[in-house]
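Have a look at the structure below before the remarks.
Please treat every number below as a calculation from the coordinates, not as lab data. As the structure is a prediction and not an experimental result, all values here were calculated from the model. A quick note on method: Cβ atoms are made from the backbone with ideal geometry, for glycine too, and the neighbour counts reach across all protein chains shown.
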Protein chains: 2
Amino acid sequence: MALHMLIDNKHLCNHDKRLSCSNCRLSSLCLPISLELDELDQVSDVILRNQPLHKGDYLYRGGSTFSSIFAVRSGSVKSVYISEEGSEQITGFYLPGEILGMDGLDNNTYRNSAIALETSSICEIPFNKIEALNQQIPSLQRHLFQLMGREITNDQQLISLLTKGSSEQRITTLLLSLSSRNHRRQLSSIEFLLPMSRTDLGNYLGLTIETVSRVFSRLQKQGIIHTERRLVSILEFDELKSIAAG
Amino acid sequence: MALHMLIDNKHLCNHDKRLSCSNCRLSSLCLPISLELDELDQVSDVILRNQPLHKGDYLYRGGSTFSSIFAVRSGSVKSVYISEEGSEQITGFYLPGEILGMDGLDNNTYRNSAIALETSSICEIPFNKIEALNQQIPSLQRHLFQLMGREITNDQQLISLLTKGSSEQRITTLLLSLSSRNHRRQLSSIEFLLPMSRTDLGNYLGLTIETVSRVFSRLQKQGIIHTERRLVSILEFDELKSIAAG
DNA sequence: CGTACCTTTGACTCGTGTCAACAATGGTGG
DNA sequence: CCACCATTGTTGACACGAGTCAAAGGTACG
């Protein structure tokens, strides 16, 4: 009897106050703001809250069948495409409140693999269930389109950066992006931990690890940032912006 | 009376057999294949078939309010982002049967401008009307998500190309892309006209016009392609592929 | 405590950008 | 119809930024 209640409690954990969307600090980032409370609960009910991933764990693998999109709850995830020849290209970093997995919509197959950069909690959003909810909640459908539109504009910003930007512009732009994404989450925009290695940074920005390292050293020597391993402090915000702008 | 009939005819031109989706050779490219005939007509009815654009005309402008997505019927269009500082980045080329405008979904504002590369006919698809149809035709909603997913994976392929590819890889990859897109439309995959200038090509691929020109010359000297102005003939398909692969 | 991995720094190379001159093309108006 | 000009594309010489190769220092993990 006691055991039975325990199991029931586990089944109901989606409704646990601590784990519902209505109680999540990040819901304003990953869900439309205009949802009614009962709509919010409907959405919350289809979301799976799986075991946390550890560093290096796969959230999904490139080539596997698309089923869900994912929202980062804590930690961070990288999205990486692995070509037939084995070369890897990181296509994005995802922080708490951000959504990934939309690379699977094209062929019903994930194009990228998603790998945890650190211990991370992830909400899984089964796509067929959210598609069904779209029929009842129009603002949800619109929100999904908006999320995909944001993914597209993000990728296009990266394209501009890669075609036009020097190594310094690429790195300063990324630092400013991380800074503003931290700010959105009410965290410090001037001091934060990089979730990714120098290697990942270079891969994402199309630079070698040596160049990444040299740029960090140069920025530090100029007194614009201070770095200690993965901890970054921005000392001269305006300088950083002006380098990023070119 | 005669005049009245004429006007009525004009209003009915969407139902003109020549201009309905059910009669369009390209419908298999831009619409889901699984549509019933009456569903196809429903979709066809909301689509606007505007006056053809001439070379250099804007289909939409970056910063204006998002209202529609667009399908290229004939001709070709480039999508270009213009930064505050005035630098331009071409983010895509769109050929007949391909769909653009999804960069407007993020902020309800087009991020890019879309400009005709030559005289082009474009179908305009008002987004709120297609959103409403989604409620009745689930396969249409899925198709829209798929189109956006394709846009995302296309952008990510370009990112890989820009971070890893040499000038030769970038250009040969683009030539192969154009070739296969022509093939999809039952046109020659070995001889075709480039719709864009060398300048546009270089801008898209992150290369200067001089480098583009030199790579074309080199490929021609090696007997892999033949070019004469914008006409490209692929002489050694396998060679081209092996260069593109790296 | 040792090993493996990640990062930093230096010397050198190479590909692409920059600057410049010139050729070819297409549109315009006399 | 042709001369003119603007635009676009080609080719060469040179410079420079990022890649490559190599070595050494730090840090974390078992």
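The simple spin-label model puts a point 7 Å past each Cα toward its Cβ; for B:Arg184 and A:Arg150 those points are separated by 2.8 nm. Please list, in order, the residues from the range B:88-110 whose amide nitrogen is less than 15 Å from a point placed 7 Å along the Cα→Cβ vector of B:Asn128. Hits in the range B:88-110 for B:Asn128 at 15 Å: B:108-109.
Across the range A:21-139, the convex hull enclosing all Cα atoms gives 99 Å³ per residue.
Distances from A:Asn128 to itself in the other copies, using label points 7 Å out along the Cα-Cβ axis, amount to 3.4 nm in increasing order. Distance check, please: which entries in B:Lys55/B:Lys129; A:Lys78/B:Lys78; A:Lys221/A:Lys241; A:Lys78/A:Lys221; A:Lys164/A:Lys241; A:Lys164/B:Lys164 exceed 25 angstrom between their Cα atoms? Exceeds cut-off: B:Lys55/B:Lys129; A:Lys78/B:Lys78; A:Lys78/A:Lys221.
Label points for B:Ile82 are taken 7 Å from Cα along Cα→Cβ. From this copy to the others they lie 4.4 nm apart, shortest first.
When every Cα-Cα distance of the protein assembly as shown is counted in 10 angstrom steps from zero, the calculated P(r) takes the values 4, 17, 27, 26, 17, 7, 2, 1, 0 percent.
For the range A:21-139, relative contact order (Cα pairs under 8 Å, six or more residues apart, normalised by length) works out to 37 percent. For the range A:162-245, build the charge dipole from Cβ charges (+1 Lys, Arg; -1 Asp, Glu) around the Cα centre, then report which of A:Pro195, A:Thr227, A:Leu176 sits farthest towards its positive end. Checking the options against the dipole of the range A:162-245, the answer is A:Pro195. Gyration tensor over the Cα atoms of the range A:162-245: the corresponding equivalent ellipsoid has semi-axes (square roots of 5 times the eigenvalues, largest first) of 18, 14, 13 Å. Take B:Ser28, move 7 Å from Cα toward the beta carbon, and the resulting point lies 5.1 nm from the same point in each other copy, nearest first. For A:Asn50 and A:Ser139, the FRET efficiency from 1/(1 + (r/R0)^6), where r spans their Cβ atoms and R0 equals 35 Å, is about 0.85. As a calculated quantity, the FRET efficiency between B:Arg218 and B:Lys241 at R0 = 25 Å, using C-beta atoms, amounts to about 0.90. The mean sequence distance of close C-alpha pairs (under 8 Å, at least 6 residues apart), as a share of the length of chain A, puts its relative contact order at 18 percent.
Backbone phi angles across the range A:74-80, fed through the Karplus curve with coefficients 6.51, -1.76 and 1.60 (θ = phi - 60°), yield HN-Hα couplings of 8, x, 6, 9, 10, 10, 9 Hz in residue order; Gly and Pro are listed as x. According to the Kirkwood relation over distinct C-alpha pairs, the hydrodynamic radius of the range B:104-184 is 15.7 Å. Would you please state which residues of the range B:182-209 a label at B:Ser28 would reach in this model, taking the label point 7 Å out along Cα→Cβ and a backbone N cut-off of under 12 Å? Taking a point 7 Å out along Cα→Cβ of B:Ser28, the residues of the range B:182-209 whose backbone N falls under 12 Å are B:184-187.
Counting only C-alpha contacts under 8 Å and six or more residues apart, can you give the relative contact order of the range B:162-245 as a whole percent? After rounding, I find 36 percent. If one puts a single equal scatterer on every Cα of chain B and applies the Debye formula without solvent, what log₁₀ I(q)/I(0) results at q = 0.08, 0.10 Å⁻¹? Those come out to -0.35, -0.54, one per q. Fully extending the segment from B:Ser166 to B:Thr208, taken as 0.36 nm per residue of separation minus the present Cα-Cα distance, adds 13.8 nm. Judged by the mean number of other Cβ atoms found within 10 Å, the most tightly packed of the peptides B:70-82, A:224-236 leads the ranking B:70-82, A:224-236.
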